[in-house]
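Take a look at the structure set out below.
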Amino acid sequence: MAHLHIAYLMTRIVLGALALFPLAALAEAGEDAAEPARRVAEMTQTFAHNLAEQLRQIGTALNELEGEQLGTQLWLATIELSDLLIIIGVTVALLFALRPVARPFFIKAEKWAQQGDERLHTLRRAIGVSSAALADLATVLIAWLGGYALALFLLGETGSIEMRQSLFLNAFLITEGVKAILRILFAVRNSGLRLLPIETDYASYWNSRLARMAGLIGYGLLFLVPLFSRTISDLVGQLATLIIMATAFFYAMTVALRNRNDMRKRLEASAAKAKVMFTRVTLSTLAWTWHWLVIAYFGALAVVTVTQPESALPYMAQATAQSLIVVVLGALIAVALTQATSRRIHLSAEKRQHFPLLEGRLNSYIPIALKAVRALIIVTVLALLLDAWGLLDFFAWIRSEAGLNIIGIVVSVGLVLIAAIAAWIVAASWIEHRLNPEVGKGKPTAREQTLLTLFRNALAVVLVTLTTMIVLAEIGINIGPLIAGAGVLGLAIGFGAQKMVQDIITGVFIQLEHSIDVGDIITAAGVTGTVEKLTVRSVNIRDLAGTFHFIPFSSVDSIANFTRHFAYHVGNYGVAYREDLDEVKPHFEAAYRELKNHPDQEIADAVYDEFWLDGVSSLGDSSVNIRIRIKTAPGMQWAVGRAYNELVKKEFDKAGIEIPFPHRTLYFGQDKDGRAPAARIENVG
């Protein structure tokens, strides 16, 4: 027994040294987290006291326990284990016999998960994995029920079960259930159901290592340790606990250190592909620290299992299980949201015709909403992880005044943002509907186009300003000084930028009075051209030469608009003095009749039924000038005038009417008798 005693003490001392690993996370829930140094000191003191007390008790028990008595107890325990061995053999055999039966279901689940829309592949795979996991857990449950039935009805007294048989069956259910969860993650035989994006060989490696760890800790602590304690002695049970946890710790440390470089490269590669900043930072940090976290976790688990098995071990198991559940649920919810929102919103053809930009606008808000929900999920998962390890009482915080205030602020801000976005979508869609020439009243007028565009821009500024102010007020920032400061700043800007204020005021009245529209041909500030852009403070004109003019309204004294309601082509046509005006005038009317039947339909439609031949407007040096006026559509007076000039020229040519060009009359003088001398002509050729 001396070597057993020495080995026991050496193991306890090694595990005692592991207390230097981070144990602050093992503090009891509810303590003040603001004093970590005091808590660590108290925990270290408590651990040392418990370790010394256990060493004293173990030494006393070893001295009192005789070798013959220990041998007798071992012999009796061996005899009583015959029924237990039968239970173990039958239960394990049932498990291995049921697994091939469940294999076809796994294959069907894998095929179903890989079919369908590619955008729903992840969601279908999650459903397939869950179905396969339920089938896997069902095989474990059936094998467990078979073992229980054997113990209750065939072995021993009918309707009763021995403690050691119950210990094994419970350990079997929990341990094999954990292994089934591992198979959910790695899916060694069904790569289509594998949740982790790793190769089959790598998945098989980690599945086997973690399954060994689960089997060692599960069957060891839940079956062997209580079995030894009840059938032999508490001393042997404690020694078994030491051996099992020491083995588990050194095995975990070996595996972690052996794979630290390979895992670091994989995590860094995943971090480089991540699109979310939080995920990228988390994976990059884990790439360099994951093996230390594993060593610290198993070291802490070994220490608390040995020193405080009654309270600390259930706490560690609960915290670990809650952490895994929280992380898995958070990941599944995030995946489900991503898959649910990966499909674009498609409106009907009629709605797309009425609201051409609504579909794109709705789809543009989905990624923003998804990022907000992801951030909320991450915060919730982190809070629940802290709650699992006793560092934060999350549910008590929710019920507290501070928690209710923060939740109220988040909800209020969310509702304000949703209301602002909804208002913008409705208003912008209505404006687009009014501006859409294919629906409603047809093509909008230039005035409607200008005013609705200005209204949309003004609405955007108002919504952003009001939303910002309300959000700041909801999160507790006093916006009174901001409003006062904005007023003072506006006053200062008003004095310092009088021209800008004048531009805006003039522009507002110009728009209200419907003086200018986009597309009009105007003369403003001495520039004549087409209005290409109109804002509340300036007008942009492109002239006939293509020059783009930016004209602030403060420099506009008057506006001449050539495209309002109707226009006139005013033409002055010169004929020779020798022509009879009564013969000339009918040709102007004939040209007008041809103009109304012009082959260019746009020109013909632009000619109104009003034609004025005003008569002789002036007597020029070489021509008699006759003025006519033709009423036209606004903006078409120049095109109509060009077409009419062409027709007048043709009419005059057919009638032989001369359109004179400037000429000079030479006068050679007269003698006293009134005779003009002959002009002298000399040929110099």
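The values are calculated or read from the model by the stated rules, or taken from the named source; none is laboratory data. What you see is a predicted model, and the numbers here were worked out from it, not measured in a lab. Counting neighbours? That spans all protein chains shown, and the Cβs are built from the backbone with ideal geometry, glycine included. Areas reflect the complete protein model, heavy atoms only, side chains present, ligands, DNA and RNA absent. Shrake-Rupley method; radii C 1.70, N 1.55, O 1.52, S 1.80 Å.
Values for this structure:
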| item | result |
| --- | --- |
| Accessible solvent surface per residue of region 123-234, calculated while the other protein chains remain in place, 1.4 angstrom probe, Å² | 46 |
| Segment Phe566-Lys111, length gained on full extension (0.36 nm per residue, minus Cα span) | 156.5 nm |
| Residue-wise HN-Hα coupling along region 404-420, computed from phi with Karplus coefficients 6.51, -1.76, 1.60 (Hz; x: Gly, Pro) | 5, 5, 5, 4, x, 5, 4, 5, 4, 4, x, 5, 4, 5, 4, 4, 5 |
| Region 542-641, relative contact order [Cα under 8 Å, separation at least 6], % | 38 |
| Computed accessible area, Met316, all protein chains, 1.4 angstrom probe, square angstrom | 0 |
| Gyration tensor (alpha-carbon) shape descriptor, region 559-616, a/c threshold 1.5 | oblate |
| Estimated inter-spin distance, Gln502 and Ala274, nm [label 7 Å along Cα→Cβ] | 5.9 |
| Computed lengthening from Ala93 to Gln601, 0.36 nm per intervening residue step minus Cα-Cα distance | 173.5 nm |
| Accessible area of region 514-583 belonging to carbon and sulfur atoms, whole % at 1.4 Å probe | 54 |
| Pairwise label distance in nanometres, Thr282 with Ile475, each label 7 Å out on the Cα-Cβ vector | 2.2 |
| Val410-Phe153 pseudo-label distance in nm [points 7 Å out on the Cα-to-Cβ vector] | 5.2 |
| From phi via Karplus (6.51, -1.76, 1.60), per-residue ³J(HN,Hα) for region 616-629 in Hz, x at Gly/Pro | 6, 8, 6, 10, x, 5, 10, 8, 9, 9, 10, 9, 10, 9 |
| Calculated FRET efficiency for the pair Ala639/Phe661, C-beta based, R₀ 30 Å, to 0.05 | 0.70 |
| Pairwise FRET efficiency - Glu583 versus Val527, Cβ, R0 = 45 Å, nearest 0.05 | 0.55 |
| Chain lengthening between Asp234 and Tyr251 when straightened (0.36 nm per residue, less Cα-Cα) | 3.6 nm |
| For region 513-671, accessible area per residue (1.4 Å probe, heavy atoms of protein chains only), Å² | 57 |
| Cα gyration tensor shape of region 523-582, rounded if a/c is under 1.5, else prolate or oblate by comparing a/b with b/c | prolate |
| Prolate/oblate/rounded call for region 537-650, Cα gyration tensor, a/c under 1.5 rounded | prolate |
| Area of Asp393 that stays accessible when all protein chains are in place (1.4 Å probe, Å², to 10) | 90 |
| Solvent-accessible surface ranking, highest first, for Tyr644, Tyr573, Tyr205 at 1.4 angstrom | Tyr205, Tyr573, Tyr644 |
